Amino acid sequence: MTAYDIIRKPVVTEASMMATSDRQYTFVVDKRANKTEIASAIEKIFDVKVEKVNTMNYDGKKKRMGNGPMGKRPAYKKAVVKLTEDSKTIELFDEMV
């Protein structure tokens, strides 16, 4: 699995954008990836130093459209990555704030 397979997409919400001031960045990651793999993928892609990784697994919500059968959104895994103080920031998030 490559670094780009592990990191799926950034999470852009109001709460995640406010956390960027504390050097914390949120990403949707591959469900099979562990914290060590996530940290090395972030360091490789963005050329930064990772201090800590917190992960959360989310189950898909049940949804229905009108009177049809019940469907389910896909489950996913989210990672909050904290960078070290001497590391540079991730420019992708700097442009959004």
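The values are calculated or read from the model by the stated rules, or taken from the named source; none is laboratory data. Just so we're clear, the structure is a prediction, and the values are computed from it rather than from any experiment. Cβ atoms come from the backbone with ideal geometry, glycine included; neighbour counts cover every protein chain shown. Surface accessibility is based on the protein's heavy atoms, side chains included, excluding ligands, DNA and RNA. Shrake-Rupley method; radii C 1.70, N 1.55, O 1.52, S 1.80 Å.
Does Glu91 satisfy being open to solvent by 100 Å² or more (accessible area, probe 1.4 Å) and more than 13 Å from the chain's Cα centre (by Cα)?
It is false that Glu91 is open to solvent by 100 Å² or more (accessible area, probe 1.4 Å) and more than 13 Å from the chain's Cα centre (by Cα).
Rundown of residues vs (1) of a type in the set (A, V, I, L, M); (2) in a loop (DSSP other than H, G, I, E, B); (3) closer than 23 Å to Met96 by Cβ, yes/no style:
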{"position": "Arg8", "(1), (2), (3)": "no, no, yes"}
{"position": "Met17", "(1), (2), (3)": "yes, no, yes"}
{"position": "Ser21", "(1), (2), (3)": "no, no, yes"}
{"position": "Met56", "(1), (2), (3)": "yes, no, yes"}
{"position": "Lys63", "(1), (2), (3)": "no, no, no"}
{"position": "Gly71", "(1), (2), (3)": "no, no, no"}
{"position": "Lys82", "(1), (2), (3)": "no, no, yes"}
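Checking Phe27 against (1) free of Cβ contacts under 8 Å to residues at least 40 places away in the same chain; (2) under 22 Å from Ile6 (Cα atoms); (3) not aliphatic (A, V, I, L, M): exactly one of these is not met. Which one?
Failed condition: (1).
Restricting to the stretch 36-51, name every residue that is open to solvent by 100 Å² or more (accessible area, probe 1.4 Å) and either in a helix (DSSP H, G or I) or touching a strand residue (DSSP E or B) at 6+ places or on another chain (Cβ under 7 Å) (or both). Write out each step before concluding.
If we filter the stretch 36-51 for residues that are open to solvent by 100 Å² or more (accessible area, probe 1.4 Å), which is where we start, we get 36, 44, 47, 49, 51.
Within the stretch 36-51, Thr36, Lys44, Lys49, Glu51 meet the criteria.
Considering the stretch 52-75 alone, what residues qualify as being open to solvent by 90 Å² or more (accessible area, probe 1.4 Å) and either within 17 Å of Pro10 (Cβ to Cβ) or within 15 Å of the chain's Cα centre (by Cα) (or both)?
Hits for the stretch 52-75 are Lys52, Asn57.
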